[in-house]
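Peer 1: To start, I am sharing the structure in question, which I have written as structure tokens.
Throughout, read-outs are computed from the coordinates displayed, never taken from laboratory work. Source: prediction; values computed, not measured. No Cβ is skipped: glycine too gets one built from the backbone with ideal geometry, and neighbour counts run over all protein chains shown.
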Amino acid sequence: MCGDFNFPEIKWPEGTLSAGGTLDHQAQAKALLEVADKSLLTQQIITPTRRDNILDLYFTNNQESINTYRTEKNILSDHDLIVINTAYKKNKSERAERNTTGSSPFTELNFFSEEIEWEKLQQSFSEVDWEQTILNEDPNTMLHTLLDKLLQICRLHIPIRRRRKE
């Protein structure tokens, strides 16, 4: 179980409640701790993910499933990104299947790059007459036309993601 739980009043790694927040928020934080305890889940993130707080959490019932994790600053959020390296390995056929089914051409773009030309991207989007682009089209064609145009513009201003070696 993982996500942005936004409970600064829980102190990690201790998992204890401190003063602060509304009574309702305190009750929610206490409920989270109780669910984790009853489910035998331990919270693994011990470095701050937003300012000095650990708000983004990763609970597991198998601590050995995590080899390492790190937090990284990113330009899309004021929360740090958590990158977890697990002990789980997919076999090659599962990786190949995942890469061929339902993939989006947008996944080739690196939306976390600091080299994104945001102003130029916004300018390019504003120069398109979106209504004219999809005028008199059926819904499916509208969707494909919009996605194609968005991808075309994004490719101009967003770097391509570097491929990982397997």
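Peer 1: What is the sum of charges, Lys and Arg at +1 and Asp and Glu at -1, for the other residues whose Cβ falls under 10 Å from the Cβ of residue 50?
Peer 2: Combined, the nearby Lys, Arg, Asp and Glu give -4.
Peer 1: To make sure I understand the rule: partners must be aspartates and glutamates, Cα under 15 Å from the Cα of residue 149, and not fewer than 8 residues away in the same chain. Which ones qualify?
Peer 2: Within the straight-line cut-off, residue 149 pairs with 127, 129, 131, 137.
Peer 1: Positive end of the charge dipole of the chain (Lys, Arg +1 and Asp, Glu -1 on Cβ, about the Cα centre): tell me which of 76, 86, 125 has its Cα farthest that way.
Peer 2: Checked the options; the winner is 86.
Peer 1: Of the listed values (i) 10, 38, 38, 12, 2, 0; (ii) 8, 24, 25, 22, 18, 3, 0; (iii) 9, 36, 27, 16, 9, 3, 0, grab the one calculated as P(r) over Cα pairs in 10 Å bins from 0, in percent from the structure here.
Peer 2: Structure-derived value, by its label: (ii).
Peer 1: Sort 42, 16 so that the residue with the fewest other Cβ atoms within 10 Å of its own Cβ comes first and the one with the most comes last.
Peer 2: Ascending Cβ contact count within 10 Å gives the list 16, 42.
Peer 1: Follow-up question, since we're still on this one. Check which residues have an amide H placed less than 5 Å from residue 161's amide H, if you skip close sequence neighbours.
Peer 2: When sequence neighbours closer than 5 places are left aside, the close amide H contacts are 109, 110.
Peer 1: Springs between alpha-carbon atoms under 10 Å, Gaussian network over the chain: tell me which of 141, 60, 68 tops the mean-square fluctuations.
Peer 2: 141
Peer 1: Straight-line reach from residue 38: which aspartates and glutamates have Cα under 18 Å away, leaving out those fewer than 8 places along the same chain?
Peer 2: Straight-line reach from residue 38, under 18 Å: 14.
Peer 1: For the chain, modelled as a Gaussian network with Cα springs under 10 Å, which listed residue fluctuates most, 117, 14, 127?
Peer 2: Of 117, 14, 127, the most mobile in the Gaussian network model is 127.
Peer 1: May I pose another question? Tell me, 32, 147 in order of fewest to most beta-carbon neighbours within 10 Å?
Peer 2: 147, 32
Peer 1: What is the local net charge at residue 135, summed over the other residues whose Cβ is closer than 15 Å to its Cβ (Lys, Arg +1; Asp, Glu -1)?
Peer 2: Here the count lands on -3.
Peer 1: Continuing with the same structure: Applying the Karplus parametrisation 6.51 cos²θ - 1.76 cosθ + 1.60 with θ = phi - 60° to the phi angles of segment 71-79, what ³J(HN,Hα) value in whole Hz is obtained for each residue in order, glycine and proline being reported as x?
Peer 2: Ordered by residue, 3J(HN,Hα) equals 10, 9, 5, 9, 8, 8, 8, 7, 9 Hz.
Peer 1: Using only Cα atoms, find the angle between the long axis of helix 23-38 and the longest principal axis of the chain, and express it within 0 to 90 degrees, rounded to the nearest 10.
Peer 2: 80
Peer 1: Continuing with this model, one more query. Restricting to Cα pairs below 8 Å that are 6+ residues apart, what does the relative contact order work out to for the chain? Please round to a whole percent.
Peer 2: With pairs under 8 Å counted, the relative contact order is 16 percent.
Peer 1: What value, in deg cm²/dmol to 500, does the helix sum -39500 (n - 2.57) over DSSP H runs of n ≥ 4 give at 222 nm once divided by the residues of the chain? Don't skip to the end; give the middle numbers.
Peer 2: On the way: 5 runs with 58 residues, N = 166.
Per the formula, -10500 deg cm²/dmol.
Peer 1: Then there is this: I want the local charge near residue 21. Using Cβ-Cβ distances under 12 Å, sum +1 for each Lys or Arg and -1 for each Asp or Glu among the other residues.
Peer 2: -1
Peer 1: Amide H neighbours of residue 86 under 5 Å, counting only residues 5+ apart in sequence or on other chains, H built in-plane at 1.01 Å?
Peer 2: 67
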